[in-house]
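Worksheet: one structure, shown below.
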Amino acid sequence: MSDFTQTPIPAASCVLISGGSRGLGLSLVEDALKQGAKVATFARTVTPELEKLAADRPGEVFVGSVDITDAKAQTAFIKAAAAELGPIDALVNNAAIGQDSMLLHTSPERIGQIIETNLTATLVLTRAFLRHAMAKAGRGRVVFVTSVCGQRGYAGLSAYSATKGGLDAAMRTLAREMHGRFLVNSVAPGFFASEMSSVLGTEQLSTITRRTPSGRLVEPENIAPVVRSLLFEDTNLNGQSLTIDGGGSI
Amino acid sequence: MSALSRDQIRTMMDEVLTAQGKELPADDSTALAEIGFRSLDFSELALRVEDELDEELNFDAPGLRSIETVGDVLDLLDRLQNA
């Protein structure tokens, strides 16, 4: 007798990627499309790059302007995307906001905003996805984009780090909770040249680079292959946080 | 949408099991353990019912632990959508 718990979870066929308008998110959108998957993605502001992708690939790409902290908008987006693309069976939680301030000088409102966006809204989106995928596909895959900050200390990123560490913890719980139905993992990038890492400043980035055994900062192109394997390969990786930082944190 | 009938829910339960290569027996007294219907299978069924009703069914873990047979599943979902 076959059983969900005894057969590999299939490769993703339709992936929801939060925050896919630029940077790493856009790279992940393009990479999932290259694997033959359909992609639904949203961001607060839809960029011209995303608009072009949607125009060039009708029926394969669905984009929308959604604030991730708006739970009703999230649910409506999933419903609309599934009506266009079919059942969504994978989620990449990529959307996040950064921080550039010592906790001493970060307002309670800003702390709340970071936690609301990076942690609460991400968990609410994951819940909405799981409810959709359980009802429509029964099985699937979830990838959280967390950060090496959730594991190691970096000045100026305390609230941000708390959210990323929290997501890693939730990821492990979900991997067990969704027993046999979903593969749930995280990728934890080190610092790469992006708007988010720019908060560190040239000197701190230079120090991180010097201390990284591979001798260079991580690029979005380094993250995409790992996310790809978590979405499309039969790795049987589950409940793991994969740190991609050139060895900088070892 | 109005509540789903017991037969409609039974059909959905059959779909959940069929997707796993399993069969739903005709006898409602059949134990869930005997047919391999697990807690996440109940979640999937409940979500399918919710999808049809377009509203959430709220239930707690103790309520879920008390279901032992096919009939228990149908009874619980019947009660939940009429609660």
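The values are calculated or read from the model by the stated rules, or taken from the named source; none is laboratory data. Since the model is a prediction, treat every value here as computed from it, not as a measurement. Cβ atoms come from the backbone with ideal geometry, glycine included; neighbour counts cover every protein chain shown. Heads up: the accessible areas ignore ligands, DNA and RNA and are worked out on the full protein's heavy atoms, side chains in. Shrake-Rupley method; radii C 1.70, N 1.55, O 1.52, S 1.80 Å.
Okay, here's what the table says:
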quantity	calculated
Within 10 Å of each Cβ in A:138-150, the average number of Cβ atoms from other chains	1
Label-point gap, in nm, between B:ASP28 and A:GLU219 - each point 7 angstrom along Cα→Cβ	6.4 nm
For the protein assembly as shown, with +1 on Lys and Arg beta carbons and -1 on Asp and Glu, the positive-most of A:ALA82, B:LEU74, A:ALA121 along the dipole	A:ALA121
Helix B:39-53 axis, angle to chain B major axis (alpha carbon atoms, nearest 10°)	40 degrees
Neighbour-limited loop hits for trypsin sites (Lys or Arg not before Pro), the stretch A:209-244 (at most 15 other Cβ within 10 Å; DSSP other than H, G, I, E, B)	A:ARG216
Total charge dipole magnitude, the stretch A:35-102, about the Cα centre, Cβ charges on Lys, Arg, Asp, Glu only, Debye to nearest 20	160 debye
Phi to ³J(HN,Hα) by Karplus 6.51 cos²θ - 1.76 cosθ + 1.60 over the stretch A:59-66, Hz, x for Gly, Pro	x, 10, 10, 10, 10, x, 9, 9
Tilt relative to chain B, helix B:70-82 - C-alpha long axis, 0 to 90 degrees, to 10	0 degrees
Within the accessible area of chain A (1.4 Å probe), percent carbon and sulfur	53 percent
Rg and Dmax [Cα atoms of the protein assembly as shown; Å; Rg one decimal, Dmax integer]	21.5, 72
Low-density loop positions, trypsin sites (Lys or Arg not before Pro), the stretch A:39-89 - DSSP coil, at most 15 other Cβ in 10 Å	A:ARG44
C-alpha center-to-center spacing [the stretch A:213-242, the stretch A:37-60] in angstrom	23 Å
Per residue accessible area in Å² of chain B, where ligands, DNA and RNA are left out and the probe is 1.4 Å	53 Å²
With DNA, RNA and ligands ignored, accessible area of B:SER2 (1.4 Å probe; Å², nearest 10)	90 Å²
Chain B - Rg (one decimal) and Dmax (whole number), Cα, Å	11.8, 33
Label-to-label distance, nm, for residues given as B:LEU57 and A:ASP70 (7 Å Cα→Cβ offset)	3.1 nm
Shielding by partners, peptide B:14-23 (average Cβ within 10 angstrom, other chains)	3
Distance in nm between pseudo-label sites at A:GLU60 and A:ASP234 (7 Å out along the Cβ direction from Cα)	2.6 nm
Among A:SER214, A:MET171, A:MET102 the positive-end extreme of the charge dipole of the stretch A:62-214 (Cβ point charges)	A:MET171
Residue-averaged 222 nm ellipticity for the protein assembly as shown, from DSSP H runs of 4+ at -39500 (n - 2.57), nearest 500	-14500 deg cm²/dmol
Viscosity 0.890 mPa s, temperature 25 °C, Stokes-Einstein D of the stretch A:122-250 from Kirkwood C-alpha radius, µm²/s	158 µm²/s
Rounded to the nearest 20 debye, dipole of chain B from Cβ charges on Lys, Arg, Asp, Glu	180 debye
Peptides ranked, highest mean first, by Cβ atoms within 10 Å: ranges B:24-31, A:232-239, B:37-44	B:37-44, A:232-239, B:24-31
Contact surface B-A: accessible area buried, both sides summed, square angstrom, 1.4 angstrom probe	1300 Å²
Dipole in debye (nearest 20) - the protein assembly as shown, about Cα centre, beta carbon charges: Lys, Arg +1; Asp, Glu -1	1220 debye
